[in-house]
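J.: Got a structure for you, written out below as structure tokens; questions coming shortly.
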Amino acid sequence: MKNAILLLSLLALSSMAVFAQPSPSTSASPSVSATSESSAKRGTPAKPGLVIPPEKAQPVRMPRFDKPPVIDGKLDDEVWKQAKLLKDFHQVQPGDNIAPSRPTEVLLGYDSKFLYVAFHCYDEPDKVRANIPKRDNIFDDDYVGILFDTFNDNRKAYEFDFNPLGVQADGIWTDGQNEDFNPDIVMESKGMLTSDGWTVEVAIPFKSLRYVAGKDKLWGAHFWRRIKRFNNELDMWMPLNRDISSWLAQEGHLSGLEGISAERTLELIPSLTLSETGKRTGTLSAAQLATGMLDPGRLVNEPIKFDPGLTGKYTITPNVTLDFAINPDFAQVESDQLVVTANQRFPIFFAEKRPFFLEGIDIFQTQIAAVHTRTIIDPDFAVKLTGKVDRNTFGLLLASDNGPGNFTPEERLTANPRLIGKNASVGVLRLKRDIGKKDSFIGLLATYNRFVDRYNELAGFDTRLRVDKQTTFAAQVLATHSRRPFFYPDEGGTFDRKENGFIYAVDYNKSGRHFGYELSGVGRTRYYRADVGFNRRTNTNNLNGFFRYNSEPKPKARLISWRVYNDISTNFDWQGRSQVFNDESQIQFSFPRQTYLGVGFDKGYERVFESEFGPTRKAGSNCAMTNACTFWGGDNERSAYNKALYMFAGSTPMKKVDFNMFINRAAGSLDFDFGAGARSPRVSIPAVTARNAQAAGLCNGPVVPPVCAAPQDPGPGGFLHFDATVNYRPSTPLNLSLSYTKERLRRYDTGLLAFDENIVSTRATYQFTRFIFARGRVDFDSLASNVKGQFLFGWTPNPGTALYIGYNDDLNRNGFNPFSGQLEPGFRRNGRTFFIKMSYLFRKSFG
């Protein structure tokens with residue numbers, strides 16, 4: 001029934017998107033164009049004493065080209081003489097609207113199908129930083145950038161960046177949030193070094209964008225240039241007032257985009273993945289393993305997998321898009337970066353990387369992470385409708401996910417038969433309406449997830465309000481209703497029941513030229529669940545106060561700028577019990593050559609309760625005497641005061657090398673007594689005592705004494721964290737990097753090492769051309785004694801068209817046998833995979 005309702009919602013939204021579209025003859029209403037030409041002529045706000053020239057204060061009228069330029073990076077086409085020229089940039093970082101170190105010019109034009117932009121960046125060509133990195137990874141080079149606010153609403157814009165060789169980075173800029181470089185937009189760009197610097201030409205198809213255009217319609221726009229060697233200098237065509245926190249509120253404007261071909265575009269991307277995987281399997285029976293025999297195992301190759309799929313996109317209108325996928329290939333070409341997992345109480349967040357879900361993902365993102373599409377594991381089909389009509393933004397996502405019911409042969413032996421082979425139904429609805437003249441809105445979010453008889457329903461409202469030019473207020477509230485297995489510590493077990501939950505979040509942010517602060521809070525009840533989202537902790541409230549001061553930058557000085565802040569936060573549960581308190585202070589200094597150095601100190605308190613780890617002890621129980629409580633001893637909670645001193649630094653001492661590092665030394669950090677695998681067993685007093693009793697043969701009789709039990713005993717210790725990364729670019733196409741991370745904790749009560757985890761990652765990328773590359777990556781984790789190698793050859797001429805050939809290897813070195821638990825010397829292979837993945841973009845436009 002609910003699937004039918006979701007389908008009807010999809011059809012209704014599609015109809016609304018088509019019939020609510022204003023006709024081209026309709027004049028621009030405030031809901032579509034927040035700034036008309038007449039109002040834009042009054043000028044963009046600027047700091048006192050900063051006068052914006054008339055050619056920037058009023059909209060720039062875009063010239064229409066007679067014929068398209070050849071996109072080769074040379075700027076020698078005759079048609080560029082018809083272009084609108086933008087110049088007289090301002091240095092806004094580190095300087096404050098002063099003259100730039102080098103001049104920059106921008107050329108603009110369009111025709112019925114493309115928007116054309118060219119940059120001429122004057123410089124000494126031998127000093128320009130220009131490499132051939134992969135897409136969206138250009139920011140160690142010099143580069144130019146663009147923001148196109150295609151709805152002129154001061155809320156969201158397309159971002160385009162290009163290095164001197166024309167390599168692209170593209171994404172979505174949302175005011176008040178971070179840039180999102182996950183979306184990839186089909187366009188063409190070329191760049192080249194010249195005798196007087198470098199040039200870039202760009203052709204952006206209108207059909208790759210969502211926009212409004214026509215008579216009296218305006219686009220907001222920013223154009224900029226980064227010069228890395230001059231202290232990461234940022235030069236912008238429009239000046240930026242540091243007393244205004246919003247970039248888009250200070251954008252320039254483009255007019256005259258008329259006669260654009262109103263095409264509907266269909267994109268189809270068929271894909272095919274061929275893979276063969278070998279896994280290490282046991283060769284001995286359980287009886288043989290019980291005698292102490294070592295099972296070396298053997299590598300067994302699975303049958304070759306043939307996995308076809310199809311994804312598509314249909315542009316219903318220039319601002320409404322329908323995406324769909326049938327048996328999509330959602331395998332990641334590269335796995336997630338290794339992270340420290342020892343002593344982790346809560347889930348670790350991994351970002352979405354799959355293109356289908358990244359398209360329009362910003363519509364579904366809110367202050368609370370109630371939508372995280374990595375929870376949709378392996379959909380048989382998915383459909384998504386997103387767009388904006390007048391002041392209304394909407395998104396609808398439906399999927400049938402076979403991931404929850406897709407058990408391995410080993411898992412099927414113990415899995416509930418009712419769950420095997422079943423799919424989860426997933427739905428997400430997002431509605432948002434712009435209010436006011438600036439970046440303010442009210443919104444609704446609803447999600448639904450059902451797997452057999454388990455379900456999770458979530459719904460609520462959110463808002464973001466622009467209080468003044470420096471201040472914003474944001475809030476969100478969500479309620480949930482779930483049926484699923486919940487753990488009830490007072491009852492000492494997990495039961496399948498229905499429960500309701502609630503979450504709130506508020507944020508008040510003031511960001512000025514020198515001084516700023518942020519007051520925020522978020523709270524989740526015990527039974528809050530977001531099965532389509534990401535959540536780290538329940539039954540907690542967090543209140544946070546952040547206060548900072550920035551100095552006035554001095555671009556020519558040895559000390560360019562400094563920054564100091566204080567951050568105070570506290571957590572308490574819904575019973576009013578304190579959980580965490582932390583007070584952190586930091587100062588950071590910026591020097592030439594993109595060099596920075598910072599130090600910080602924090603002190604605080606952490607408290608954990610038995611009910612967070614297992615059943616609570618009953619009143620009058622003697623579980624402390626029998627070692628049967630969740631926590632060891634007579635106390636049902638643990639707490640510790642802590643303090644830490646840390647330092648971080650980074651620099652680009654030369655054109656080919658950059659590095660960064662962070663070190664933190666803390667006292668009083670809690671070891672939660674989880675252990676960290678066979679190499680780092682638990683080292684609390686009850687765990688050590690139980691191991692000694694086991695070694696003495698006390699735990700082998702028919703009646704096991706209490707000393708053999710080992711309840712958890714969280715306790716404080718000394719903690720060390722260190723990480724560092726070095727990047728080296730010996731030549732234009734080659735990029736090498738080496739990263740090292742170390743975390744170590746030693747308990748005070750036993751003096752033993754709870755864990756010492758070391759992660760080393762090396763990566764090498766060689767770009768034969770902008771679109772052809774070879775990449776190798778090797779990761780080592782000392783706790784698991786594990787080495788993983790990933791080797792990939794790729795051809796990616798445009799988003800959607802790609803060929804990947806890869807090989808992944810997984811080995812243990814001096815690790816523990818997975819079948820008998822015994823130590824194995826040397827290298828042992830756990831598994832390997834060889835794969836070929838190919839896809840091709842078919843794009844057809846309909847007039």
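J.: Mind checking the angle between helix 2-19 and the chain's longest principal axis? C-alpha axes, 0 to 90 degrees, to the nearest 10.
T.: For helix 2-19, the angle is close to 10 degrees.
J.: Here's something else I'd like to know. By the gyration tensor of its Cα atoms, with a ≥ b ≥ c the square roots of the eigenvalues, what is the shape of the range 219-365: rounded for a/c under 1.5, prolate for a/b over b/c, or oblate?
T.: Cα axes put the range 219-365 in the oblate bin.
J.: Considering only DSSP states other than H, G, I, E and B, which trypsin sites (Lys or Arg not before Pro) in the range 79-132 qualify as loop sites with at most 13 other Cβ atoms within 10 Å?
T.: Filter output for the range 79-132: Lys87.
J.: With a probe of 1.4 Å, find how much accessible area the range 590-746 has per residue, and write the answer as a whole number in Å².
T.: 49 Å²
J.: Along Cα→Cβ, 7 Å out, is where each label goes; now give me the distance between the ones at Asp307 and Thr281 in nm to one decimal.
T.: Between Asp307 and Thr281, the simple spin-label model gives 2.0 nm.
J.: What does the charge add up to near Thr741, with Lys and Arg as +1, Asp and Glu as -1, over the other residues with Cβ less than 10 Å from its Cβ?
T.: Around Thr741, the charge tally is -3.
J.: Structure shown: which of Lys217/Lys388; Lys134/Lys788; Lys127/Lys656; Lys134/Lys190 lie over 19 Å apart, alpha-carbon to alpha-carbon?
T.: The pairs that break the limit, which is 19 Å between Cα atoms, are Lys134/Lys788.
J.: Once the whole set of protein chains is in place, how much accessible area is left on Phe589, using a 1.4 Å probe, in Å² to the nearest 10?
T.: 60 Å²
J.: Further, regarding this structure: For mean projected area of the Cα convex hull in nm², pick the label among (1) 48.0; (2) 45.2; (3) 37.1 that corresponds to the value derived from the coordinates.
T.: Computing mean projected area of the Cα convex hull in nm² and matching it to (1) 48.0; (2) 45.2; (3) 37.1 gives (3).
J.: Sticking with this one: Over the heavy atoms of Ile98, what accessible area does a 1.4 Å probe trace out, to the nearest 10 Å²?
T.: Ile98 exposes around 70 Å² with every protein chain in place.
J.: Taking Cα pairs under 8 Å and at least six residues apart, what relative contact order does the range 402-557 come out at, in percent?
T.: Averaging sequence separation for qualifying contacts and normalising by length gives 14 percent for the range 402-557.
J.: May I pose another question? Cross-link candidates for Lys305: which lysines have Cα within less than 19 Å, leaving aside residues fewer than 8 places away along the same chain?
T.: In chain and number order, the partners are Lys279, Lys837.
J.: Using the Cα centre of the range 235-375 as the reference point, and only Cβ charges (+1 on K/R, -1 on D/E), how large is the resulting charge dipole? Debye, rounded to the nearest 20.
T.: 700 debye
J.: Helix-only mean residue ellipticity at 222 nm, the chain, DSSP H runs n ≥ 4 weighted -39,500 (n - 2.57), per residue, nearest 500. What is it?
T.: So the calculated ellipticity at 222 nm is -1500 deg cm²/dmol.
J.: Sticking with this structure for a sec: Quick one: of Lys313/Lys384; Lys353/Lys742; Lys437/Lys469; Lys438/Lys469; Lys84/Lys228, which pairs are farther than 19 Å apart, Cα to Cα?
T.: Violating the 19 Å Cα-Cα cut-off are Lys353/Lys742; Lys84/Lys228.
J.: With an 8 Å cut-off on Cα pairs and a minimum separation of 6 or more residues, tell me the relative contact order of the chain in percent.
T.: So the answer I get is 9 percent.
J.: On average, how much accessible surface per residue is there in the range 398-498, in Å², for a 1.4 Å probe, leaving out ligands, DNA and RNA?
T.: Accessible surface, normalised per residue, equals 49 Å².
J.: Just name one of Gly675, Ser621, Asn735: the one whose Cα is farthest towards the positive end of the charge dipole of the range 608-736 (beta-carbon charges, Lys/Arg +1, Asp/Glu -1).
T.: Selected residue: Asn735.
J.: So how strong a dipole does the range 432-515 carry about its Cα centre when Lys and Arg Cβ are +1 and Asp and Glu Cβ are -1, to the nearest 20 debye?
T.: 580 debye
J.: Stretched out fully, how many nm does the piece from Gln575 to Gln177 gain, at 0.36 nm a residue minus the Cα gap?
T.: 140.0 nm
J.: Counting only C-alpha contacts under 8 Å and six or more residues apart, can you give the relative contact order of the range 523-598 as a whole percent?
T.: 25 percent
J.: For the chain, what % of the accessible area comes from carbon and sulfur atoms, probe 1.4 Å?
T.: Of all accessible area on the chain, carbon and sulfur atoms account for 59 percent.
J.: Same structure again: Cross-link partners among aspartates and glutamates for Lys603, C-alpha distance below 15 Å, same-chain residues fewer than 8 apart left out?
T.: Of all the aspartates and glutamates, those that pass the test against Lys603 - Cα under 15 Å, at least 8 places apart if same chain - are Asp567, Asp583, Glu584.
J.: Can I ask one more? Taking the Cβ of Pro711 as the center, what net charge do the other residues with Cβ under 13 Å away carry, scoring Lys and Arg +1 and Asp and Glu -1?
T.: Here the charged neighbours net out to -1.
J.: Ok, one more. Looking only at Cβ-Cβ distances, which cysteines of the chain have no other cysteine closer than 4.7 Å?
T.: Cys121
J.: Report the one residue of Gly521, Thr321, Val70 whose Cα lies farthest in the direction of the positive end of the charge dipole of the chain (charges on C-beta: Lys and Arg +1, Asp and Glu -1; origin at the Cα centre).
T.: Gly521
J.: While we're on this one: If the only charges are +1 at each Lys and Arg Cβ and -1 at each Asp and Glu Cβ, what is the size of the charge dipole of the chain around the Cα centre, to the nearest 20 debye?
T.: It works out to roughly 280 debye.
J.: If you count only protein heavy atoms with a 1.4 Å probe, what accessible area per residue comes out for the range 294-378, rounded to a whole Å²?
T.: So the range 294-378 comes to 45 Å² accessible per residue, rounded to a whole number.
The values are calculated or read from the model by the stated rules, or taken from the named source; none is laboratory data. Owing to the predicted nature of the structure, the values given are computational and were not obtained by experimental measurement. Glycine gets a Cβ as well: all are built from the backbone with ideal geometry, and neighbour counts include every protein chain shown. Accessible surface areas use protein heavy atoms only, side chains included; no ligands, DNA or RNA. Shrake-Rupley method; radii C 1.70, N 1.55, O 1.52, S 1.80 Å.
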